[in-house]
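Enquirer: Just passing along the structure, written as structure tokens.
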Amino acid sequence: MPSRNRVKQYLDNGYYHIYNRGVEKRLIFLDEQDYAVFVSYLRDYLSPKDEKTLITKLSDPSTYYKDKDKILKLLRLKNFADNITLLAYCLMPNHFHLFIKQTEAKSIDKFMRSLATRYTMYFNQKYKRVGNLCQDIYKAVLVNTTEQFLYLSAYIHSQALPLQGPTLRGYKYISSYSEYLGIQQTEWIRPEEILSLFSKTNPNLSYKSFVEKTNDFSIIQQITVDI
């Protein structure tokens with residue numbers, strides 16, 4: 001029998017909780033650089049690609065050869081900005097969570113395979129290892145209700161709080177929570193749809209209050225997993 005949430009239901013315009021962990025529960029992020037590299041890959045895949053500007057820079061004689069190499073890699077890299085919206089994420093030492101909307105069925109599958117392959121290549125080269133980094137194929141479960149929609153984002157952000165601390169002074173790459181608190185803005189992280197359901201003026205009804213006071217996530221147990 002397939003493991004829980006391994007069999008996926010891909011829908012156009014569907015919202016999904018995506019997660020995976022290291023093979024044999026091993027650590028997949030060992031230092032701040034690892035977190036930063038994973039997040040940089042999210043940025044590369046989810047930021048709109050301005051090919052005209054990139055080509056102009058590539059043909060500019062004043063562009064350094066190292067920058068040209070980076071531009072060539074970006075031009076060749078697959079881009080999912082038109083098909084994938086990242087609402088929230090958190091990265092933990094041995095696993096990760098993504099809250100994603102896809103516009104077309106199977107966009108997530110293509111995105112996740114590209115992301116996993118690229119990060120595994122980076123990790124294996126850095127730590128001189130071979131083989132799969134994550135356990136089996138990623139899990140993706142469809143979000144069906146408004147309650148799941150709200151509680152999933154809170155669940156994801158609350159997972160990272162022990163590492164980041166109440167002032168979010170831990171590794172800044174660990175989660176998207178700072179975008180939700182207005183501490184920073186990132187073009188390829190889209191909190192607006194979730195934040196629109198909370199008060200901007202009443203602290204007791206704010207998103208921050210919801211995340212930090214919620215400790216019962218049983219309402220979404222069918223779309224989460226004990227990592």
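The values are calculated or read from the model by the stated rules, or taken from the named source; none is laboratory data. Keep in mind that what you see is a predicted model, and the values were worked out from it rather than measured. Please note: Cβ atoms are built from the backbone with ideal geometry, for glycine as well, and neighbour counts cover all protein chains shown. Accessible surface is based on the protein model in full, side chains and every heavy atom, while ligands, DNA and RNA are left aside. Shrake-Rupley method; radii C 1.70, N 1.55, O 1.52, S 1.80 Å.
Enquirer: Could you list which residues have their amide H under 5 Å from that of Asn94, counting only those 5 or more apart in sequence or on another chain, with H placed in the peptide plane?
Expert: Amide H neighbours of Asn94, under 5 Å, 5+ apart: Ile28.
Enquirer: Out of the GluC sites (Glu not before Pro) in the range 122-227, which ones are loop residues according to DSSP with at most 16 other C-beta atoms within 10 Å?
Expert: Passing sites in the range 122-227 are Glu187.
Enquirer: Whose amide H sits under 5 Å from the amide H of Arg21, counting only residues 5 or more places off or on another chain, with H placed in the peptide plane?
Expert: Close amide H contacts, sequence-distant or interchain: Gln135.
Enquirer: Something else about it: Given a Förster distance of 22 angstrom, what is the FRET efficiency for Tyr127 paired with Lys25, based on the Cβ-Cβ distance and rounded to 0.05?
Expert: After rounding to 0.05, the efficiency reads 0.85.
Enquirer: Which net charge results when you count Lys and Arg as +1 and Asp and Glu as -1 among the other residues whose beta-carbon is under 14 Å from that of Asn202?
Expert: So the surrounding residues net to +3.
Enquirer: I would also like to ask the following. What is the range 102-215 by shape, rounded, prolate or oblate, if you read a ≥ b ≥ c off the alpha carbon gyration tensor as root eigenvalues and call it rounded for a/c under 1.5, prolate for a/b larger than b/c, and oblate otherwise?
Expert: In terms of gyration-tensor shape, prolate.
Enquirer: Using the Karplus equation 6.51 cos²θ - 1.76 cosθ + 1.60 (θ = phi - 60°), what ³J(HN,Hα) coupling, rounded to whole Hz, does each residue of the range 205-211 give in order, writing x for Gly and Pro?
Expert: 10, 7, 5, 4, 5, 4, 5
Enquirer: Net charge near Tyr119: determine it from the other residues with C-beta under 12 Å of the C-beta of Tyr119, scoring Lys and Arg +1 and Asp and Glu -1.
Expert: The answer is +1.
Enquirer: Next question. Nothing charged except the Cβ atoms of Lys and Arg (+1) and of Asp and Glu (-1): what's the magnitude of the dipole of the range 83-227 about its Cα centre? Round to the nearest 20 debye.
Expert: 620 debye
Enquirer: Stretched out fully, how many nm does the piece from Glu187 to Thr56 gain, at 0.36 nm a residue minus the Cα gap?
Expert: In short, 44.9 nm is gained.
Enquirer: Carbon and sulfur: what percent of the range 177-227's accessible surface (1.4 Å probe)?
Expert: 48 percent
Enquirer: From largest accessible area down, sort Asp31, Asp136; use a 1.4 Å probe on the protein chains.
Expert: Reading off the accessible areas and sorting them downward yields Asp136, Asp31.
Enquirer: Still on this structure: Relative contact order of the range 119-198, please, whole-number percent, based on alpha carbon pairs below 8 angstrom and at least 6 residues apart.
Expert: 16 percent
Enquirer: Something else: Name the shape class, rounded, prolate or oblate, that the alpha-carbon gyration tensor gives for the range 178-227, where a ≥ b ≥ c are the square roots of its eigenvalues, rounded holds for a/c under 1.5, and otherwise prolate holds if a/b is larger than b/c and oblate otherwise.
Expert: Oblate, since a/c reaches 1.5 and b/c is not below a/b.
Enquirer: Excluding ligands and nucleic acids, what accessible area in Å² is computed for Arg26 using a 1.4 Å probe, to the nearest 10?
Expert: For Arg26, the solvent-accessible surface is approximately 80 Å².
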